[in-house]
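Asks: I have a structure I would like to understand better, so I am pasting it below and will then ask my questions one at a time.
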Amino acid sequence: MRRSGVLLAALVMVAGSIHAGPAGATSDGADHRRVSTVEYDLGDTAFTDPETGTVSEIRAVVHHPVRWRGQLPLIVAQHGSWYACTAPDAQEWPCDKGEPFPGYRGYDYLGSALAERGFVVVSISVDGINMTSFDYGDRARLLNEHLRLWGELARGAGSLARRLPGLVGRVDMARVGTMGHSRGGKGVMWQASDKHRSAWPAGVRVRAVLPLAPVKFDWPEGDNSDTLVTRVPVAVVTSGCDGAVHERGQEYLDDAEGTTREPAYSVSLTHGNHNFFNTRWTPPSPLGEDDSTCPREQISPRRQQNALVTYATAFYERHLKGNAAFDAVLTGDRPLPHVDSATRVVVPVG
């Protein structure tokens, strides 16, 4: 992996528990001590991709503060490729055996932590695509469908307004962040790319994209246009012991260097692995696997998840709320707790 950039700062392991920010209410008046969790489910066949015909579920879990003033930013997370059904030998969607695998609940720890900071966080299920499609446009369009539904909700209309009446008019669709893990990482880069941003639903403004241990390959080879993001801030998070995709995702920053109009950040968790970011992919969870290439040195799942909470909080605070208090975490000037890491920043042109 090429590590060029204008800043490369070593981050050291420090002791202590993680705190994403000051205790108490945020500037939005959100009480970090009280978080609500609710799910919505429109069914296993609720969405048919208009380009490929792929049939997907519309299912998600939402974390949000119990009380707040005004409108809050929205963050939508998308998991990657894993078992689509709880029965490993299932072969059809909807599941011909077992039940849909709850991989979208694997980021509950992150959703809750971000909700404490005054964000509304939606983690969507992508099981139907995992069973039937390798098209990354499918992932982007499913994400856009959820954003379309949230846009309706913001206006007090549509199916989500009936299911989530307490959130009607409470989310700012002009302050949207995304996160995608593994194949979902390429999915959110596709959705945010310069090439595909015209497909965003009306009223949606994506302002921060976090590909987490993302896959990285171009098709056709040498053409990165489907995932080239130069007009939205990007933070790439990878792990040095990742046995699935290694650290190829850092190449997204290489693609943008010299052309991006927005800040682009990266952090490498030296002894993290691929699966520990998702608690449902992590042993001893059923069907969980440890894919580390350095099992003796790897950090614990909790440390890896805590590191993500700290970095993601800093990134979204900065780019969805304009909170510069977290800049030292993004640039590496403040050590990132619990992991031995490195970070770099690509400065926008102009």
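Asks: Could you check residue 198 against (1) at pLDDT 95 or above; (2) surrounded by fewer than 20 Cβ atoms within 10 Å (Cβ to Cβ); (3) out of contact with any helix residue (DSSP H, G or I) (no Cβ under 8 Å at 6 or more places or on another chain); (4) under 30 Å from residue 85 (Cα atoms) and say which number it fails?
Replies: (4)
Asks: Determine whether the range 167-185 contains at least one residue that is buried (at least 17 other Cβ atoms within 10 Å of the Cβ), touching a His at 6+ places or on another chain (Cβ under 6 Å) and modelled with pLDDT of 95 or more.
Replies: yes
Asks: Next up: For the range 30-82, enumerate the residues that are crowded, with 21+ Cβ neighbours inside 10 Å, over 15 Å from residue 144 (Cα atoms) and among the aliphatic types (A, V, I, L, M).
Replies: Scanning the range 30-82 gives 30, 61, 62, 72.
Asks: Right, next: Which strands (runs of 3 or more DSSP E) sit wholly inside the range 39-138 and have at least 1 residues that are hydroxyl-bearing (Ser, Thr, Tyr) and either in contact with a Gly (Cβ under 9 Å, 6 or more places away or on another chain) or touching a residue at least 60 places away in the same chain (Cβ under 8 Å) (or both)?
Replies: 55-65, 120-124
Asks: Which pairs have Cβ atoms under 6 Å, sit 6 or more apart or on different chains, and link a residue in the range 227-254 that is more than 19 Å from residue 318 (Cβ to Cβ) to one that is aromatic (Phe, Trp, Tyr)?
Replies: That search, which allows pairs on different chains as well, returns 227/190.
Asks: Being in contact (Cβ under 8 Å) with a residue 60 or more places away in the chain and crowded, with 22+ Cβ neighbours inside 10 Å is the filter; apply it to the range 278-303 and report the residue that is nearest to residue 268 (Cα to Cα).
Replies: Only one residue tops the list, namely 278.
Asks: Can you name every residue in the range 241-291 that is at pLDDT below 95 and of a type in the set (Gly, Ala, Ser)?
Replies: Scanning the range 241-291 gives 256, 258, 264, 266, 268, 272.
Asks: Out of the residues in the range 255-277 that are part of a strand (DSSP E or B) and small (Gly, Ala, Ser), state the one that is surrounded by the fewest Cβ atoms within 10 Å (Cβ to Cβ).
Replies: Among those that are part of a strand (DSSP E or B) and small (Gly, Ala, Ser), it is 268.
The values are calculated or read from the model by the stated rules, or taken from the named source; none is laboratory data. Given the structure is predicted, the values throughout are model-derived calculations rather than measurements. Reconstructed Cβ throughout: ideal geometry from the backbone, glycine too, with neighbour counts over all protein chains shown.
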